[in-house]
Amino acid sequence: MTEDGKVVVLVPRFDGPLGRWVTRRLSRPHYRVRLDSMGTAVWNACDGTRTVGQIVQELRHRHGTEVEPAEQRVVTFVRRLERGRCIRFAERGT
């Protein structure tokens, strides 16, 4: 976390078994992704208990029209997090 409270996510440079082997030999095995205030809010809300819809509503409640189009922004962001293997989606009810 940065001094101003924003999240910094560490993402492995390489993926898979070969990637993990290579990563162990690097001096910097991860790259840093510094999130803005909206990204930090979404990241902090991804706690395994909220749905994407609930996260959107929470952002709207906190930040008003500043987050619009909220659904599009949140869905795009969480899909990127999933592709980067930073988060994973659970089936509803698990």
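Here is how the numbers come out for the structure above:
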{"quantity": "Filtered residues of region 14-68 (kept if of a type in the set (Gly, Ala, Ser), loosely packed, with under 13 Cβ neighbours inside 10 Å and under 18 Å from residue 88 (Cβ atoms))", "calculated": "16, 48, 53"}
{"quantity": "Residue count for region 73-91, restricted to those that are assigned to a loop (DSSP other than H, G, I, E, B), without any contact (Cβ under 8 Å) to a residue 40 or more places away in the chain and among the basic types (Lys, Arg)", "calculated": "1"}
{"quantity": "Restricting region 69-94 to residues that are farther than 16 Å from residue 10 by Cα and among the acidic types (Asp, Glu), the residue that is surrounded by the fewest Cβ atoms within 10 Å (Cβ to Cβ)", "calculated": "91"}
{"quantity": "Any hit, region 31-51, residues being touching a helix residue (DSSP H, G or I) at 6+ places or on another chain (Cβ under 7 Å) and among the aromatic types (Phe, Trp, Tyr)", "calculated": "no"}
{"quantity": "Single condition residue 37 does not satisfy, out of (1) more than 17 Å from residue 7 (Cα to Cα); (2) in contact (Cβ under 8 Å) with a residue 24 or more places away in the chain", "calculated": "(1)"}
{"quantity": "Qualifying residues in region 2-13 (those that are surrounded by 10 or more Cβ atoms within 10 Å (Cβ to Cβ) and in a loop (DSSP other than H, G, I, E, B)) - the one modelled with the lowest pLDDT", "calculated": "13"}
{"quantity": "So residue 75, is it modelled with pLDDT of 90 or more and β-branched (Val, Ile, Thr)", "calculated": "yes"}
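Let's see how each residue does on (1) among the hydroxyl-bearing types (Ser, Thr, Tyr); (2) in a helix (DSSP H, G or I); (3) at pLDDT below 90; (4) over 16 Å from residue 87 (Cα atoms):
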| residue | (1), (2), (3), (4) |
| --- | --- |
| 32 | no, no, yes, no |
| 44 | no, yes, no, no |
| 47 | no, no, yes, no |
| 50 | no, no, no, no |
| 56 | no, yes, no, yes |
| 60 | no, yes, no, yes |
| 71 | no, yes, no, yes |
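The values are calculated or read from the model by the stated rules, or taken from the named source; none is laboratory data. None of the values given here were measured: they were computed from a predicted structure. Virtual Cβ from ideal backbone geometry, glycine too; neighbours counted across all protein chains shown.
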